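Everything below concerns the one structure shown next.
Please treat every number below as a calculation from the coordinates, not as lab data. On a predicted model such as this, the values are computed, not experimentally measured, just so you know. Positions of Cβ are backbone-derived with ideal geometry, glycine not excepted, and every protein chain shown enters the neighbour counts.
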C-alpha cells in the first residue's frame, strides 16, 4: 500500500489543487520522511507547478525555477487539502498556496518519503531508474508482460509485485488480477501459455481500472479501516468465492498474505481432482 490507483488518484487531486496556484511558503517538520534528502530543500519550494507525473508508486513534481520533488506515500501517507489554520493529524510537511489553502503530506507511520531535488534529476534518481513498465504510462500488452516476467523463478504473484519488472502492482491488485485471470498465485511464470498471458494482461488493466473508479474523490475511503471490502478475492479468506462458492483460501507468499480461490484458480490447470487422489493412493501402496 499504496498501489497504482491510489497514487494516480493522488496525482489527479494534486494537479487540480495546484492548477494555476502558487506555492508561497513550504514547511516541514523534522521526520524520517526526508531520509536521504535535505529538509531545508523542501522548505525552499516556491512557485507554480509545471508538471506532475507518476511512475509506478512514485509522484514526480516539477515546479518553477527547476525545483523538483519525488514523493512516495508509503503505507499510510496521503496528501490532503485544508483551509489555512485547520490542523491535520500527522502532518509532516505543508505547501501553503496563494488561495489560503494548505496541502499537507500526512503520514502516521512515517513510511512515506519526500525527496526534493533539481527537477532535471528526477528521472535519474535510483528509485525511479529501477522501475519496470508502468501499465498506464507505458502500456502493458500480453507480449510485454511475458517479456517482463517470464524469466523470473519466483511465484507468479511475487513476480507481479516486483517493481523492477512491472511497477504499480501491490498485494491487492496482484491478487485481484490473478483471480480475474483464473491463475493461481503460486504458478511459475514460465508455465503460462500465450492465452494465459493474454488473460493476465487484460485482468491487470481491469483491476487497475476498477481501483481508479473506486478512488474517485479528494479523500476516497474504500481502503480505510472498517470500510466495506469491495474486492473480488483480496481479504476474503474463509468466505464463499463470488464466482463458484468455494471457500477462499489464504497463505503466506513472499512475506505477504495471498488470497485465492482453489477452484477458480487451480494450481495445476487441467488436472482432474481424481488425478491427485490416484497419486496419493499409489504413494500409500
Which shape class applies to the range 4-129: rounded if a/c is under 1.5, otherwise prolate when a/b exceeds b/c and oblate if not, where a ≥ b ≥ c are the square roots of the Cα gyration tensor eigenvalues?
rounded
Please state the relative contact order of the chain as a whole percent: Cα pairs under 8 Å, 6+ residues apart?
16
Note down the relative contact order for the range 4-129 as a percent, whole number, built from C-alpha pairs under 8 angstrom at least six residues apart.
29
Under the classification rounded if a/c is under 1.5, otherwise prolate if a/b is larger than b/c and oblate if not, where does the chain fall, given a ≥ b ≥ c as square roots of the Cα gyration tensor eigenvalues?
prolate
Would you calculate the volume per residue, in Å³, of the smallest convex hull containing every Cα atom of the range 112-158?
127
Dividing the mean separation of Cα pairs under 8 Å (6+ apart) by the residue count of the range 142-260 yields a relative contact order in percent of 24
With runs of 4+ DSSP H residues as the only contributors, calculate the mean residue ellipticity of the chain at 222 nm using -39,500 (n - 2.57) per run, divided by the residue total and rounded to the nearest 500.
-8500 deg cm²/dmol
Chain lengthening between residue 44 and residue 108 when straightened (0.36 nm per residue, less Cα-Cα):
20.6 nm
Show me 36-47, 71-82 ranked by packing, highest mean number of other Cβ atoms within 10 Å first.
71-82, 36-47
Cα long-axis angle, helix 273-284 against the chain (0 to 90 degrees, to the nearest 10)
70
The chain: angle of helix 4-18 to the longest principal axis, Cα-based, in degrees nearest 10:
20
Rounded, prolate or oblate (a/c below 1.5 giving rounded, otherwise prolate when a/b exceeds b/c) for the range 127-257 by Cα gyration tensor:
oblate
Which distance in Å, rounded to a whole number, links the C-alpha centroids of the range 79-124 and the range 135-206?
33
